[in-house]
1. If you scan region 364-380, which residues turn out to be in contact with an Asp or Glu (Cβ under 9 Å, 6 or more places away or on another chain) and either at pLDDT below 95 or of a type in the set (G, A, S) (or both)?
2. With the structure loaded, tell me whether Y310 is over 30 Å from N216 (Cα atoms), of a type in the set (S, T, Y) and either part of a helix (DSSP H, G or I) or modelled with pLDDT of 95 or more (or both) or whether it fails that test.
3. Which residues, counting only those in region 216-270, are crowded, with 20+ Cβ neighbours inside 10 Å, among the hydrophobic types (A, V, I, L, M, F, W, C) and not in a helix (DSSP H, G or I)?
4. May I ask you to list the residues in region 170-209 that are surrounded by 23 or more Cβ atoms within 10 Å (Cβ to Cβ) and β-branched (V, I, T)?
Amino acid sequence: MKRKYFVFPSLLSLTFIILACTAQNIPTSKPLPSPLPSTPAPAVVTVVKPSPIPSPTSVPTDQPLYLSATVWSSDPIVPVLAYHQFQEHGISGATHVRLDDFNSELQGLDQAGYVMVPLSRWLDGDLRVPAGKRPIIFTMDDLFYRNQIRFNPDGTIDQTTGLGASYAFSQEHPDFGFSWALFTNLGDKPYIDPNNPLLLANAIVWCMDHGALVYNHTYTHANLSQTAPGGVTWELAANDKELIQLLNLAGRPDLTAKLGNIFALPFGKWPLNPMSETALDVYKNPYGEPLQAILDVDLIYRPRYMYPAYSPLFDKMDIMRMVATVKGVDYFVQNAANAPAAQECKLGPMDQTQINDANYLAGQVNLAIQSGSCPQGIYTTDKFVFRAEGYNAKLIYTVQNLP
């Protein structure tokens with residue numbers, strides 16, 4: 001895989017330098033972190049089936065089955081935002097967002113018709129969102145700081161933290177949702193009391209139980225442009241190992257099934273050594289899962305969207321995120337119409353025994369268009385994506401359903 005590297009103007013370079021903590025060169029021989037103390041581990045297809053109405057003179061019969069498909073008038077695209085830290089006072093910048101500004105951003109995005117979607121689902125090729133809505137993906141780097149997530153004495157999430165404010169907004173605006181991809185440096189970012197790792201473990205569990213999934217950002221927030229091949233492997237493996245230990249400490253080893261293997265580059269720095277880049281590309285997590293995606297980061301001066309998995313413009317090993325500055329978020333609010341909004345089509349009545357047959361579903365799409373009840377466009381279900389032009393729907397992608 002060949003990637004292009006750019007030398008940005010000095011002002012942008014300074015902005016990237018403040019995106020995170022100072023990078024470290026990682027020796028290839030550094031041992032893995034010591035194990036934490038442990039405690040014993042203690043549809044998607046939408047089918048509409050009205051309930052039969054009993055009749056005193058007849059036996060109820062099965063009602064027709066319909067499948068709800070999301071329809072796009074053109075190829076859907078999705079903004080990917082990258083947040084870092086939050087603060088109650090001061091001025092919002094590249095790595096710190098004032099909570100008042102953050103709440104205003106959430107409201108603006110909601111009013112512009114966006115809804116949060118999981119990063120992993122879009123990578124899978126699952127393009128379903130509610131009718132009239134546009135997808136947006138929220139990510140956060142450098143977890144876990146206490147201004148990102150913290151809890152009140154009664155166990156509720158503190159709304160003066162970034163994730164707390166986002167969760168509170170989702171409770172008031174359930175259609176907008178609560179879905180995050182969190183990228184951690186577990187050997188570099190202390191959380192509240194480093195001598196009490198159970199606090200961190202419980203915070204991670206809360207996140208994963210509520211739709212904020214945890215992924216890899218290296219163990220020490222390493223600058224991979226200066227890291228040897230063995231150091232690249234060590235950084236990712238050490239972070240994954242500690243994350244698993246923390247889930248075990250909290251008594252939730254079941255959550256490892258949600259971990260996946262998605263990576264975000266610290267500082268947006270790619271390995272310069274070709275062997276280091278290969279070490280990154282071939283990395284497998286402790287469960288043998290290959291790398292699913294690599295996320296980069298940039299400023300809104302070069303606005304980018306993520307394309308659907310079937311598009312030739314989609315590169316899962318080089319996904320660009322936009323730093324969530326006030327100006328960056330406002331760009332997507334003001335330019336929401338650049339991305340198509342979803343429509344809905346009810347396919348059917350259908351033979352339930354064939355709803356997993358791509359050829360059968362393509363025929364149902366053709367019938368819906370011929371009847372005039374549904375438009376041409378990109379049709380997506382939980383399993384398949386079709387391109388329907390004229391009366392000829394063709395399968396263009398099969399949803400992957402990765403962890």
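The values are calculated or read from the model by the stated rules, or taken from the named source; none is laboratory data. These numbers come from a predicted model, not from an experiment. Cβ: placed from backbone, ideal geometry, glycine included. Neighbour counts: every protein chain shown.
1. Answer for region 364-380, where residues must be in contact with an Asp or Glu (Cβ under 9 Å, 6 or more places away or on another chain) and either at pLDDT below 95 or of a type in the set (G, A, S) (or both): just G377.
2. So Y310 fails the test.
3. Answer for region 216-270, where residues must be crowded, with 20+ Cβ neighbours inside 10 Å, among the hydrophobic types (A, V, I, L, M, F, W, C) and not in a helix (DSSP H, G or I): A222, A250, L259, I262, F263, A264, L265.
4. T184, I204
Residue-by-condition table, conditions (1) surrounded by fewer than 22 Cβ atoms within 10 Å (Cβ to Cβ); (2) in the same structural domain as Q107 (by TED's automatic domain parsing):
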{"residue": "V323", "(1), (2)": "no, yes"}
{"residue": "V326", "(1), (2)": "yes, yes"}
{"residue": "V329", "(1), (2)": "no, yes"}
{"residue": "P349", "(1), (2)": "yes, no"}
{"residue": "N356", "(1), (2)": "yes, no"}
{"residue": "K394", "(1), (2)": "yes, no"}
